[in-house]
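> Questions regarding the structure given below will be posed in turn.
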Ligand code: XIL
């Protein structure tokens with residue numbers, strides 16, 4: 001039926017994929033990405049980040065981000081803005097662009113693994129209040145978008161997830177506009193945390209929505225049948241956890257094909273993290289996602 005069809009039948013808002021500008025000229029790739037039965041939401045993997053939108057101070061370049069936004073509009077897909085703040089804040093991105101964005105990752109990766117604040121330029125100069133400052137600027141620029149704080153390794157319970165809970169509580173106490181927690185979901189085959197659902201529930205209990213924003217489940221290469229079957233189960237586990245919590249509104253995979261995954265370039269010897277292989281054929285993981293909803 002297609003992943004978005006299945007997700008929507010389960011009551012979710014969307015199933016989506018990240019994409020990036022160099023991929024837009026790959027016609028077979030775009031045909032699947034644009035199939036709204038599979039994906040009714042897309043996220044630009046890189047082209048709305050600050051280094052892309054303001055390559056040098058005062059020089060703005062929105063053409064690449066706009067190309068992804070245009071594709072979403074043309075396809076009738078939701079768009080997730082990613083990210084105003086990769087340890088930084090760039091509200092001008094929101095103010096100057098069109099408003100047809102469903103959600104924004106306003107602040108990305110605020111925490112270290114132990115739950116302490118990551119020392120970014122904004123943390124160092126403004127202090128932890130930078131998160132509220134960024135959210136307020138984003139809300140003023142786009143009153144309709146859902147505003148998220150997004151991080152990795154907050155899939156299961158633990159120190160980093162607790163820090164996120166405490167951040168949301170403190171933002172709410174200050175009246176800062178926080179609508180959602182984004183769980184990136186960069187996971188490893190066979191090592192999916194057992195507490196994912198409990199963790200999503202603890203975020204949802206704060207009254208915010210939750211999304212899995214960048215899901216991929218990598219393995220040490222080469223991919224074997226056994227690993228691909230384990231990956232299928234792992235995808236099912238993650239999807240089922242989101243599915244079980246009504247406030248978990250959707251899932252986005254961090255691109256849909258191994259052809260364009262970021263994993264091999266960053267994690268040495270690892271890859272095959274996505275539900276379509278590099279030849280755009282569906283892997284067992286695809287059926288795992290379907291089974292999870
Ligand atoms: C990654 C992109 O996929 C790569 O192409 C780029 O080189 C580095 O960034 N968490 C995030 C994303 O929030 O922005 C990152 O995307 C992956 C980890």
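> Viscosity 1.567 mPa s, temperature 4 °C: give me the Stokes-Einstein translational D for segment 19-70 in µm²/s, with Rh taken as the Kirkwood radius over C-alpha pairs.
The Stokes-Einstein estimate is 109 µm²/s.
> May I ask you to sort 212, 30 by Cβ crowding, counting other Cβ atoms within 10 Å and putting the fewest first?
30, 212
> Quote the Stokes-Einstein diffusion coefficient, in whole µm² s⁻¹, for segment 127-169, based on the Kirkwood radius over alpha carbon pairs, a temperature of 10 °C and a viscosity of 1.306 mPa s.
Here the translational diffusion coefficient equals 136 µm²/s.
> Once you have a ≥ b ≥ c as the square roots of the Cα gyration tensor eigenvalues for segment 111-204, tell me rounded if a/c is under 1.5, and otherwise prolate or oblate according to whether a/b is larger than b/c.
Prolate is the answer for segment 111-204, as a/c is 1.5 or above and a/b outweighs b/c.
> Cα atoms only: what Rg and Dmax, in Å, come out for the chain?
Values for the chain (Cα only, Rg and Dmax): 17.9, 51 Å.
> Mind running the shape call on segment 148-249? Use the C-alpha gyration tensor, a ≥ b ≥ c as the square roots of the eigenvalues: rounded below 1.5 for a/c, prolate if a/b tops b/c, oblate otherwise.
prolate
> With label points built 7 Å along Cα→Cβ from the Cα atoms of residue 174 and residue 1, find their separation and express it in nm.
4.3 nm
> Here is a follow-up. Return the distance in nm (one decimal) between the two label points of a simple spin-label model at residue 10 and residue 125, each offset 7 Å from Cα along Cα→Cβ.
For the pair residue 10/residue 125, the computed spacing is 4.2 nm.
> Right, next: Rounded to the nearest 0.05, what FRET efficiency do residue 291 and residue 198 have when you use their Cβ-Cβ distance and R0 = 35 Å?
Taking R0 as 35 Å, the efficiency between residue 291 and residue 198 is 0.95.
> Could I ask something else about it? Need one number: nm distance between label points at residue 74 and residue 144, each 7 Å from Cα along Cα→Cβ, rounded to one decimal.
Each label point lies 7 Å from its Cα, and together they span 2.2 nm.
> Here is a follow-up. Mark the label point 7 Å from the Cα of residue 24 along Cα→Cβ and return the residues of segment 242-285 whose backbone N is within less than 19 Å of it.
255-257, 260-261
> Report the Cα centroid-to-centroid distance between segment 128-163 and segment 222-293 in angstrom, as an integer.
Cα centres, segment 128-163 to segment 222-293: 25 Å.
> For segment 198-293, what class follows from the C-alpha gyration tensor (a ≥ b ≥ c being the square roots of its eigenvalues): rounded when a/c is under 1.5, otherwise prolate if a/b is larger than b/c, else oblate?
Cα axes put segment 198-293 in the prolate bin.
Since every read-out is calculated from the coordinates, none of them should be taken as a lab result. Everything quoted here is computed from the prediction, not taken from an experiment. No Cβ is skipped: glycine too gets one built from the backbone with ideal geometry, and neighbour counts run over all protein chains shown.
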